[in-house]
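Novice: One structure follows; several queries about it will come next.
The values are calculated or read from the model by the stated rules, or taken from the named source; none is laboratory data. None of these values were measured; they are calculated from a predicted model. Reconstructed Cβ throughout: ideal geometry from the backbone, glycine too, with neighbour counts over all protein chains shown. For the accessible areas, the whole protein counts, side chains as well, though only heavy atoms, and no ligand, DNA or RNA atoms are used. Shrake-Rupley method; radii C 1.70, N 1.55, O 1.52, S 1.80 Å.
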Amino acid sequence: MLTILGKLPSINVRKVLWTCRLLELPYELEPWGKGERDPNVPEFLALNPNAQVPVLRDGDTVLWESNTICRYLAHDSFLLPADRLQRARIEQWMDWQATELNAAWRPAAMTLLRGSTQFSPEVVAASVRDWNTKMTLLDRHLERTGAFVAGDTLSLADVVIGVSVHRWSATPIERAELPAVAAYMERLAQVPGHAENCGAGTP
């Protein structure tokens, strides 16, 4: 049995839970994080010195960083196949999500969804513009694929990008009109586990 330390409102925890759902992997969710158990305690820091969720325990194996956990779980599955080029195309978009896309939305989402006061209005406005720019890039890519991020079939790239796309759609900002992204969201809504991990109440 896998144990996942984290909480459902966390976008990074939901990536891992959705991966487990798609691969039909049983797991136990152990509540940690803001509003649950404080990860800044020796017990948790021994597992992840960054005091961040999620953390995965698989027997004696302990992993942190959500995309790394997803890769570990999905290795050689339909979500992350062994073919070298196919896997690279999936992972390049996973890396883009973790660096370019996340960096763009963080100030806006932390302020508008989490009530953070650490960012000035100017920084939040710049974040919204950058977020829309990154989403426009994704829209153009999805227009070319006509289906999913890495091609014709669902992959791990769609799990990690799907939760971020949902966050963009759920944050109270002025959004660009992106028809390919809108169509993509409709396709994702048919994927098992979407309602739990990208549904209402989980921006």
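Novice: Can you tell me which residue in the range 117-140 is nearest to GLY162 (Cα to Cα), limited to those that are touching a residue at least 24 places away in the same chain (Cβ under 8 Å) and of a type in the set (Lys, Arg)?
Specialist: So the residue we want is LYS134.
Novice: Considering only residues that are in a strand (DSSP E or B) and open to solvent by less than 50 Å² (accessible area, probe 1.4 Å), look in the range 46-57 and name the one that is farthest from SER77 (Cα to Cα).
Specialist: VAL55
Novice: Let me ask another. Out of the range 2-45, which residues are among the hydrophobic types (A, V, I, L, M, F, W, C), in contact with a Phe, Trp or Tyr (Cβ under 7 Å, 6 or more places away or on another chain) and in a loop (DSSP other than H, G, I, E, B)?
Specialist: Here is the first cut: in the range 2-45, the residues among the hydrophobic types (A, V, I, L, M, F, W, C) are 2, 4-5, 8, 11, 13, 16-18, 20, 22-23, 25, 29, 32, 41, 44-45.
Remaining after also requiring in contact with a Phe, Trp or Tyr (Cβ under 7 Å, 6 or more places away or on another chain): 2, 4-5, 20, 32, 44.
Within the range 2-45, just TRP32 meets the criteria.
Novice: Right, another one. Mind listing whichever residues of the range 70-86 are within 10 Å of SER155 (Cβ to Cβ), open to solvent by 30 Å² or more (accessible area, probe 1.4 Å) and touching a helix residue (DSSP H, G or I) at 6+ places or on another chain (Cβ under 9 Å)?
Specialist: The answer is PHE78, and nothing else.
Novice: Within the bounds of the range 60-72, is there any residue that is among the acidic types (Asp, Glu) and outside any loop (DSSP other than H, G, I, E, B)?
Specialist: There is no residue in the range 60-72 that is among the acidic types (Asp, Glu) and outside any loop (DSSP other than H, G, I, E, B).
Novice: If you go through the range 151-162 one residue at a time, do you hit one that is polar (S, T, N, Q) and farther than 20 Å from ARG14 by Cβ?
Specialist: Start the filter on the range 151-162 by keeping residues that are polar (S, T, N, Q), which leaves 153, 155.
Filter once more, so that each one left must be farther than 20 Å from ARG14 by Cβ: 153.
Scanning the range 151-162, I find at least one residue that is polar (S, T, N, Q) and farther than 20 Å from ARG14 by Cβ, so the answer is yes.
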